[in-house]
Amino acid sequence: MVKINRRQFIALGAAGVGTALIGNWLRQDISSQPLASSSANVFDVYQSSDGLLELDIIAKENPVNLTGRQAYLLTYNGQVPAPRLEANPGDKIRIHFANNLSQPTNIHYHGLHIPIMGNADNVFLHIKPGEKLTYEFQIPSNHPAGIFWYHPHLHGLVAEQLFGGLAGLFIVRGDLDEIPEVKAAKEEFLVLQDFAVDNNGRLINSAHMSLMMGREGDIITANGQVNPSLSLPEQGLLRLRILNASTSRFYRLALEDHSFYQIATDGGALNEPIEVNELLLTPGQRAEVLIKGDKEPRQYRLLNLPYDRGGMGMMGGGMMGRNNRDEPIVLATINYEAPGQSLSIPTQLASITALPEPQTVRSFELNHGMNPAVGMAFLINGEAYNHDRLDTQVQLDTVEDWEITNTGMMDHPFHVHGLAFQVISRNGQPESLLAWRDTVLVPRGETVRIRIPFRDFAGKTVYHCHVLDHEDLGMMGNLMINA
Amino acid sequence: MAIASVIGGAIYLTSAQGKSISNNTAIAQDTNTATLTSVWDKETEPAYSGTTEMTVYRSPSCGCCGGWIEHAKQHGFKVKDIKTEDMAALKQKYKLPTELASCHTTIIDGYVMEGHIPVDDIKRFLSEKPELAGLTVPGMPIGTPGMEARNIKQPFQVLSFNDRGEVEIFKEYQSY
């Protein structure tokens, strides 16, 4: 939100403050000193052993080094991003959670296919400040390998708490990790987050953020660092596993002089790698790519390219003087390291099959507008979220198509909890790529049709826009899966 | 429940699931206890005698601009409501700096009035006839006219700006 002191004049020339700032940043970067040695070192990692992953997680405000300054962020176990958890299919998970925040909270295990009731992926849990709760569940033995994550999901506070820094990776190891080329590749994780703090390192109050657009911060980090350094073995492969843990910011990724070989989406491995020059990740989405170390050995910049997610025709959701919509931003630097094992891109990764025809087709319309009950809100089928209303009732062991139309002027990434789906078509054009996802972008003015198998777990959960301010402002529905 | 028809072996639900008439009635009854009267309904510039014809340009897909138009009408303005897909070009034509943009753009007396400005501020501005380009409430702060939402009231500023892109506070709303 714009905040100007009284009698202050600001020259808003065509170039603007933002452009100059980014220019500086890029120049600084080209002549830059070695940065962090490896981003992989920044996480605490907890791995399961003998079929059990058990740990304590404490949510609390904690001073964190953010761009060389102390910032008071919201953390799990004092860290941003939070500790990385790793488990195998069939493992039991036991998390002793304590809420030492000043607000109630809970934990959503985004993308995991686990029970949605009880002390598992239950977004209706309400853990008060000072309270504890033990999360306990089992990863199904047929669970796909992939990048999942955990973050708060108490409706009304989701955006604020995630934007404070509460997010961590939850990795399920499995078949994909055992493919020889993937196994031999150098593995790195990238958790993308943005922050807005004042001069004292305090998080900017939500009242001053652009809630309608979805709040964005001017400090963009990968693994909690600005422009960390990653290494790519010459002749080898870098396996980059990326999570967009931002509240609202989209990332349109490109690596200078290199293409990406995408091997996985939200729900795990693709059938075979696809070569792409750019990768768009909306909030909540994950992707995995292989990068070939076959170029001249030097530094290359991983860029976030401009992306217009709509709203005001000409403006991002950023803050005054930080309007970086029109300039690429360096997210990380990739350095060639000494030649490693010579590796090629694998050809076969998984065997995803198409889902059977749906028993039911439903339509969902996304927009914002005036609702008689609550005023201005983000709406699904004209309704703002109501805790007590069941919006969609489905039958376990059935397959449904959901046709999601965005009639608004902002892009909305649509996320369904606890389930993976396949995209069937976009604007009536059949989708040829078979992939499992749990979050799909529905751009403004467009329609996306997804096919969802309701399997294994009955109960009540939610679907929503993953621009989390939109979710908090009403763009969510209750889903009842009847046994 | 929703109206359903069977096409190609699948059931098409043609209205929102669970969005039955009885549900809507229940919501409407809720609102009787939590009324949605707006703080912006009150007229603060009753002596205004200037231009009342304004042209509002808005995107056909904008869900909130209509609320502001209602606010303007309530305060005595006659609104020419023009829906256009290309708001970006329009804002460029009127030389609106990117940082000052909101959703809809209003033209009155040759001035540019951007976004969810309380219209009584427009009346005060027009009465003064300043040598400026216009007023703006950048972004879409929640709580502004046409953006009223439950109890959320984001502080905001009405900014005046000139042709050189210089900005000054015209009015500040910290709590309202």
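The values are calculated or read from the model by the stated rules, or taken from the named source; none is laboratory data. What you see is a predicted model, and the numbers here were worked out from it, not measured in a lab. Every residue, glycine among them, receives a Cβ derived from its backbone with ideal geometry; neighbour counts consider all protein chains shown. Each accessible area value is taken on the protein alone, full model and side chains, heavy atoms only, with ligands, DNA and RNA left out. Shrake-Rupley method; radii C 1.70, N 1.55, O 1.52, S 1.80 Å.
Test each condition in (1) open to solvent by 10 Å² or more (accessible area, probe 1.4 Å); (2) within 12 Å of chain B (Cβ to nearest Cβ); (3) on the phi > 0 side of the Ramachandran plot for A:Gly375 and report the one that comes out false.
(1)
Of these, A:Thr360, A:Thr347, A:Thr392, which one is open to solvent by 50 Å² or more (accessible area, probe 1.4 Å), at pLDDT 95 or above and of a type in the set (Val, Ile, Thr)? Before the answer, list the steps.
Details: A:Thr360 fails: open to solvent by 50 Å² or more (accessible area, probe 1.4 Å); A:Thr392 fails: open to solvent by 50 Å² or more (accessible area, probe 1.4 Å).
Testing whether each residue is open to solvent by 50 Å² or more (accessible area, probe 1.4 Å), at pLDDT 95 or above and of a type in the set (Val, Ile, Thr) leaves just A:Thr347.
Do any strands (runs of 3 or more DSSP E) lying entirely in the stretch A:130-242 carry at least 1 residues that are in the same structural domain as A:Pro115 (by TED's automatic domain parsing) and of a type in the set (Ser, Thr, Tyr), and which ones are they?
Working: elements: A:132-138, A:146-151, A:168-172, A:186-195, A:219-222, A:229-233.
Strands (runs of 3 or more DSSP E) meeting the threshold: A:132-138, A:146-151.
What are the residues in the stretch A:202-213 that are modelled with pLDDT of 95 or more and surrounded by fewer than 16 Cβ atoms within 10 Å (Cβ to Cβ), if any?
Selection gives A:Arg202 alone.
Do we have any residue at all in the stretch A:322-337 that's farther than 26 Å from A:Ile220 by Cβ and either open to solvent by less than 30 Å² (accessible area, probe 1.4 Å) or not aromatic (Phe, Trp, Tyr) (or both)? Can you show your working first?
Filtering the stretch A:322-337 down to residues farther than 26 Å from A:Ile220 by Cβ leaves none.
Taking every residue of the stretch A:322-337 in turn, none turns out to be farther than 26 Å from A:Ile220 by Cβ and either open to solvent by less than 30 Å² (accessible area, probe 1.4 Å) or not aromatic (Phe, Trp, Tyr) (or both).
Where residues in the stretch A:457-470 are over 14 Å from A:Phe124 (Cβ atoms) and away from every other protein chain (no Cβ under 14 Å), which of them is farthest from the chain's Cα centre (by Cα)?
Going through the qualifying residues, I end up with A:Ala458.
Can you spot a residue in the stretch B:48-60 that is crowded, with 22+ Cβ neighbours inside 10 Å, charged (D, E, K, R) and under 26 Å from A:Thr405 (Cβ atoms)?
Checking the stretch B:48-60: at least one residue is crowded, with 22+ Cβ neighbours inside 10 Å, charged (D, E, K, R) and under 26 Å from A:Thr405 (Cβ atoms).
For the stretch A:133-183, how many residues are of a type in the set (Asp, Glu) and over 30 Å from A:Glu61 (Cα atoms)? Steps first, please.
First, pick out the residues of the stretch A:133-183 that are of a type in the set (Asp, Glu): A:136, A:160, A:175, A:177-178, A:181.
From what is left, the residues that are over 30 Å from A:Glu61 (Cα atoms) are A:175, A:177-178, A:181.
Residues flagged as of a type in the set (Asp, Glu) and over 30 Å from A:Glu61 (Cα atoms) within the stretch A:133-183 amount to 4.
Please determine whether any residue of the stretch A:168-190 is open to solvent by 10 Å² or more (accessible area, probe 1.4 Å), touching a helix residue (DSSP H, G or I) at 6+ places or on another chain (Cβ under 7 Å) and touching a residue at least 24 places away in the same chain (Cβ under 8 Å).
yes
Can you work out which of the residues in the stretch B:146-176 that are more than 7 Å from chain A (Cβ to nearest Cβ) and without any contact (Cβ under 8 Å) to a residue 12 or more places away in the chain is farthest from A:Gly369 (Cα to Cα)?
Out of the qualifying residues, it is B:Arg164.
Would you call B:Asp41 over 13 Å from the mean Cα position of the chain (by Cα), modelled with pLDDT of 90 or more, farther than 25 Å from A:Met213 by Cα and in a helix (DSSP H, G or I)?
Judged against the criteria, B:Asp41 is not a match.
I'm checking my understanding of the structure. Among residues of the stretch A:225-251 that are small (Gly, Ala, Ser) and open to solvent by less than 10 Å² (accessible area, probe 1.4 Å), which one is farthest from B:Lys153 (Cα to Cα)?
Here is the first cut: in the stretch A:225-251, the ones small (Gly, Ala, Ser) are A:229, A:231, A:236, A:245-246, A:248.
Filter again for open to solvent by less than 10 Å² (accessible area, probe 1.4 Å), leaving A:236, A:245-246, A:248.
On the way: A:Gly236: 54, A:Ala245: 27, A:Ser246: 24, A:Ser248: 21 Å.
Among those that are small (Gly, Ala, Ser) and open to solvent by less than 10 Å² (accessible area, probe 1.4 Å), it is A:Gly236.
Check whether at least one residue in the stretch A:221-242 is β-branched (Val, Ile, Thr) and out of contact with any Ser or Thr (no Cβ under 9 Å at 6 or more places or on another chain), and report yes or no. Break it down into steps so the answer makes sense when it comes.
Initially, the stretch A:221-242 is screened for residues β-branched (Val, Ile, Thr), giving A:221, A:226, A:242.
From the residues that got through so far, the ones that are out of contact with any Ser or Thr (no Cβ under 9 Å at 6 or more places or on another chain) too are A:242.
Yes, because at least one residue in the stretch A:221-242 is β-branched (Val, Ile, Thr) and out of contact with any Ser or Thr (no Cβ under 9 Å at 6 or more places or on another chain).
Given the criterion open to solvent by less than 10 Å² (accessible area, probe 1.4 Å), among the small types (Gly, Ala, Ser) and in a strand (DSSP E or B), identify the matching residue among A:Ala264, A:Ala269. If you could, list the steps in order and put the result at the bottom.
Numbers: A:Ala269 fails: open to solvent by less than 10 Å² (accessible area, probe 1.4 Å).
After ruling out the rest, the residue left standing is A:Ala264.
I'd like to verify a number: residues in the stretch A:71-102 that are touching a Lys or Arg at 6+ places or on another chain (Cβ under 9 Å), within 18 Å of A:Leu166 (Cα to Cα) and assigned to a loop (DSSP other than H, G, I, E, B), how many? Steps first, please.
Going residue by residue through the stretch A:71-102, those that are touching a Lys or Arg at 6+ places or on another chain (Cβ under 9 Å) are A:71-72, A:74-78, A:86-89, A:96-101.
Within this subset, residues satisfying the condition of being within 18 Å of A:Leu166 (Cα to Cα) are A:71-72, A:74-78, A:86, A:96-101.
Filter once more, keeping what is assigned to a loop (DSSP other than H, G, I, E, B): A:77-78, A:100-101.
Of the residues in the stretch A:71-102, 4 are touching a Lys or Arg at 6+ places or on another chain (Cβ under 9 Å), within 18 Å of A:Leu166 (Cα to Cα) and assigned to a loop (DSSP other than H, G, I, E, B).
Which one of A:Leu434, A:Leu441 is more than 19 Å from A:Ile116 (Cβ to Cβ) and either at pLDDT below 95 or assigned to a loop (DSSP other than H, G, I, E, B) (or both)? Show your work before the answer.
Values: A:Leu441 fails: either at pLDDT below 95 or assigned to a loop (DSSP other than H, G, I, E, B) (or both).
A:Leu434 is the lone residue from the list that is more than 19 Å from A:Ile116 (Cβ to Cβ) and either at pLDDT below 95 or assigned to a loop (DSSP other than H, G, I, E, B) (or both).
Just give me the residues in the stretch B:107-141 being under 20 Å from B:Val79 (Cβ atoms) and within 14 Å of chain A (Cβ to nearest Cβ), in sequence order. Please lay out each step first, then the result.
Residues of the stretch B:107-141 that are under 20 Å from B:Val79 (Cβ atoms), as a first pass: B:107-127, B:134-137, B:140.
Within the stretch B:107-141, B:Val112, B:Glu114, B:Gly115, B:His116, B:Ile117, B:Gly134, B:Leu135, B:Thr136, B:Val137, B:Met140 meet the criteria.
Scan the stretch A:358-372 for residues that are of a type outside the set (S, T, N, Q) and either more than 7 Å from chain B (Cβ to nearest Cβ) or within 23 Å of the chain's Cα centre (by Cα) (or both) and jot them down.
Initially, the stretch A:358-372 is screened for residues of a type outside the set (S, T, N, Q), giving A:358, A:361-362, A:364-366, A:368-370, A:372.
Within the stretch A:358-372, A:Phe364, A:Glu365, A:Leu366, A:His368 meet the criteria.
Each row is one residue, and each column tells you yes or no for (1) farther than 18 Å from A:His153 by Cα; (2) among the polar types (S, T, N, Q); (3) buried (at least 20 other Cβ atoms within 10 Å of the Cβ).
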position	(1), (2), (3)
A:Thr67	yes, yes, no
A:Lys92	yes, no, no
A:Ala98	no, no, no
A:Leu101	no, no, yes
A:His113	no, no, yes
A:Gly118	no, no, no
